[in-house]
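The structure appears below as C-alpha cells.
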Amino acid sequence: MAELHFEDRDFLRAMFVASFEGVKMTSALRTRVQEYVRNGSDNVKAGLLKGLSDGSVRTDVDLERAAREISAAVFGLAYQWALLPDDYDFERELDYVRARFVAAYSSTAEG
C-alpha cells in the first residue's frame with residue numbers, strides 16, 4: 001500500500017472507489033475486487049509465513065486471523081485516505097499500524 005501511495009496516488013484512490021462499487025452483488029467489478037482483496041490477504045499471509053520461517057514471527061500466531069486483521073487495517077487506512085486525502089496522513093498511519101502489528105506478532109517484541 002505504501003508503495004502504491006508513493007508511486008501513484010490517483011490509481012490507489014481509484015482502486016478504492018472501485019472496491020466499493022464491487023461490494024454490490026450485481027456489480028461487474030465484484031469478481032475483480034474479490035480477487036484483489038484475496039490476493040492482498042494472501043500476500044500478507046505469505047509475509048507472515050516467511051516470518052515464521054526466519055523466526056521473526058511468533059510461532060503461536062494464527063495466520064488466517066492475522067492476515068485478515070492486517071488486511072482490514074491497511075484497507076481501512078486506504079479507505080479513509082481516499083475519502084479525506086487532505087485531512088489524513090496515510091504514510092504516518094501506515095507506519096503506526098505497522099509498528100502495532102510488529103509489536104503484536106514479532107517473536108522479538110517486548111510484551
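The values are calculated or read from the model by the stated rules, or taken from the named source; none is laboratory data. Note that the coordinates shown come from a computational prediction; the quantities given were computed from them, not determined experimentally. Every residue, glycine as well, gets a Cβ built from its backbone with ideal geometry; the counts of neighbours run over all protein chains shown. SASA here: full protein model, heavy atoms, side chains in, ligands and nucleic acids out. Shrake-Rupley method; radii C 1.70, N 1.55, O 1.52, S 1.80 Å.
The residues of the range 34-45 that are open to solvent by 50 Å² or more (accessible area, probe 1.4 Å) and either of a type in the set (Lys, Arg) or modelled with pLDDT of 95 or more (or both) amount to a single one, Arg38. Kindly check whether there is at least one residue in the range 88-102 that is among the aliphatic types (A, V, I, L, M), more than 27 Å from Gln34 (Cβ to Cβ) and open to solvent by 50 Å² or more (accessible area, probe 1.4 Å). Among the residues of the range 88-102, at least one is among the aliphatic types (A, V, I, L, M), more than 27 Å from Gln34 (Cβ to Cβ) and open to solvent by 50 Å² or more (accessible area, probe 1.4 Å), which makes the answer yes.
Screening Ala78, Ala66 for residues that are surrounded by 17 or more Cβ atoms within 10 Å (Cβ to Cβ), in contact (Cβ under 8 Å) with a residue 12 or more places away in the chain and more than 17 Å from Glu3 (Cα to Cα) leaves exactly one candidate, Ala66. Restricting Ala103, Ala66, Ala28 to residues that are over 16 Å from Arg13 (Cα atoms) and touching a Phe, Trp or Tyr at 6+ places or on another chain (Cβ under 8 Å) narrows the list to Ala66.
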